[in-house]
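Only one structure is covered here, and it is reproduced in the block below.
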Amino acid sequence: MPSSTWLADLPRHRLLAEYSMWSADLIRLADDLARIEPHADLLHIDVADGHFAPALLFFPDLVARMRSATTRPIHVHLMVADAVLLEQITQFADAGADLISIHVENAAVADAALALLAGRNVASGMVARIETPVANLAPYLDRLNFFTLLGTAIGVKGQGLDPTAGPRLQEAKALITQSNRNIVLAADGGIRDTTVPLLRAAGAETVVMGSLAFGAPDLAARMAWLHAL
Ligand SMILES: O=C(CO)[C@@H](O)[C@H](O)COP(=O)(O)O
């Protein structure tokens, strides 16, 4: 388990490194977890139901096993239909997730989902698809710890960053600043050595790294580069 103050303890004076376990070597997951753990501020688990998002991804038993193997905070990103969202929150909270993000597009059940998260003492996040107006976030700002903007189409890895990603981050940053809330702003999708500097400049406080981290020939050097941005 991370410390109970893990959110407040995040080193936000620099860009945070969130590692997407989808991009790990899935047949050697334990080895990759041990390799990246010293560098990771957060571990990111994508959950997709093949309906809300095209991929079929990850499950509570994996999070429970990871929970017993690492003290890093685990961020579960739920890409699932309204009908199963509340049940999925319960299962991933039981498994030991520290932060669970639901989608802004789950609007019909979002209030109930955020109430459930608050009752479970799990940090609350929201994510917006690339085509969703950033302003749709406004009604939820008072209940969030994290907000993530996708910079690519949902649920497909290996894509290039959409050109709207930077301006959308700037818009989200302005909304968060106006709200006076302490919300971590994250960028997910299209995270490359060529895009991280502009995402950082646009207001990203954490980047969800896939191949940029797991494919790095020298991970310590890549992290030193990231921390200097
Ligand atoms: O969810 C996503 C992308 O949608 C990330 O979590 C992936 O892991 C990104 O992988 P790369 O494209 O950066 O290799």
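Before moving on, here are some points about what is shown:
- Exactly one residue among A165, A115, A135, A108 is of a type in the set (A, V, I, L, M) and without any contact (Cβ under 8 Å) to a residue 24 or more places away in the chain, and that residue is A115.
- The listed residue being of a type in the set (V, I, T), touching a residue at least 40 places away in the same chain (Cβ under 8 Å) and within 15 Å of the ligand (Cβ to nearest atom), out of T148, T152: T148
- Enumeration of residues in segment 118-132 that are closer than 24 Å to P167 by Cα, in contact with a helix residue (DSSP H, G or I) (Cβ under 9 Å, 6 or more places away or on another chain) and not small (G, A, S): M126, I130
Yes/no per residue for (1) assigned to a strand (DSSP E or B); (2) touching a Gly at 6+ places or on another chain (Cβ under 9 Å); (3) touching a residue at least 60 places away in the same chain (Cβ under 8 Å):
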{"residue": "A8", "(1), (2), (3)": "no, no, no"}
{"residue": "P11", "(1), (2), (3)": "no, no, no"}
{"residue": "R14", "(1), (2), (3)": "no, no, yes"}
{"residue": "Y19", "(1), (2), (3)": "yes, yes, yes"}
{"residue": "W22", "(1), (2), (3)": "no, yes, yes"}
{"residue": "R28", "(1), (2), (3)": "no, no, no"}
{"residue": "R35", "(1), (2), (3)": "no, no, yes"}
{"residue": "P38", "(1), (2), (3)": "no, no, no"}
{"residue": "I45", "(1), (2), (3)": "yes, no, no"}
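- Of the criteria (1) more than 15 Å from H75 (Cα to Cα); (2) in contact with a strand residue (DSSP E or B) (Cβ under 8 Å, 6 or more places away or on another chain); (3) assigned to a helix (DSSP H, G or I), which one L117 fails: (1)
- Identity of the residue in segment 176-229, in contact with a Phe, Trp or Tyr (Cβ under 7 Å, 6 or more places away or on another chain), near the ligand (Cβ under 9 Å from one of its atoms) and outside any helix (DSSP H, G or I), that ends up nearest to D25 (Cα to Cα): G210
- From the list A17, A53, the lone residue that is modelled with pLDDT of 95 or more, surrounded by 21 or more Cβ atoms within 10 Å (Cβ to Cβ) and away from the ligand (no atom under 12 Å from the Cβ) is A17.
- So K157, is it open to solvent by 50 Å² or more (accessible area, probe 1.4 Å) and closer than 15 Å to D46 by Cβ: yes
- The single condition from (1) closer than 23 Å to K173 by Cα; (2) in a helix (DSSP H, G or I); (3) touching a helix residue (DSSP H, G or I) at 6+ places or on another chain (Cβ under 7 Å); (4) of a type outside the set (D, E) that V76 fails is (2).
- Of the listed requirements (1) surrounded by fewer than 17 Cβ atoms within 10 Å (Cβ to Cβ); (2) more than 22 Å from H44 (Cα to Cα), L175 misses just one: (1).
- In segment 161-171, the count of residues that are part of a loop (DSSP other than H, G, I, E, B) and within 17 Å of the chain's Cα centre (by Cα) is one or more.
The values are calculated or read from the model by the stated rules, or taken from the named source; none is laboratory data. Just so it is clear, the model here is predicted, and its values are computed rather than measured. A quick note on method: Cβ atoms are made from the backbone with ideal geometry, for glycine too, and the neighbour counts reach across all protein chains shown. Side chains are part of the model used for accessible areas, which takes the heavy atoms of the whole protein and leaves out ligands, DNA and RNA. Shrake-Rupley method; radii C 1.70, N 1.55, O 1.52, S 1.80 Å.
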